[in-house]
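*Asks:* My questions all concern the structure below.
Just so it is clear, none of the values below were taken in a lab; they were calculated from the coordinates. Quick caveat, the model's predicted, so the values are computed rather than measured. Neighbour counts run over all protein chains shown; Cβ positions are idealised from the backbone, glycine included.
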Amino acid sequence: MLAQRTTIEATEAVDEALAWHDGDSRATIRTLLEDCAHLQAQLEVASACMSKGFTRGWRPQVERQEG
């Protein structure tokens, strides 16, 4: 049941993103890639500012882990 709801929510998010760009898929993809690059840069800054003691040795990963 959870997988089905997640799929529906993801489909709705895709539809909303496309609607934001008036159905222009290239503009939608461009914006999403720019957002990803921005978030990766922010993650790198936050990671550099975090001490190991604060996170007990854990560090955020820029790349998504499979599995």
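*Asks:* Pick out, from Val45, Thr31, Thr7, the residue whose Cα sits farthest towards the positive end of the charge dipole of the range 7-56, with +1 on the Cβ of Lys and Arg and -1 on the Cβ of Asp and Glu.
*Replies:* The residue sitting most towards the positive pole is Val45.
*Asks:* Continuing with this model, one more query. Multiply the residue separation of Glu12 and Leu43 by 0.36 nm, subtract the distance between their alpha-carbon atoms, and state the gained length in nm to one decimal.
*Replies:* 8.5 nm
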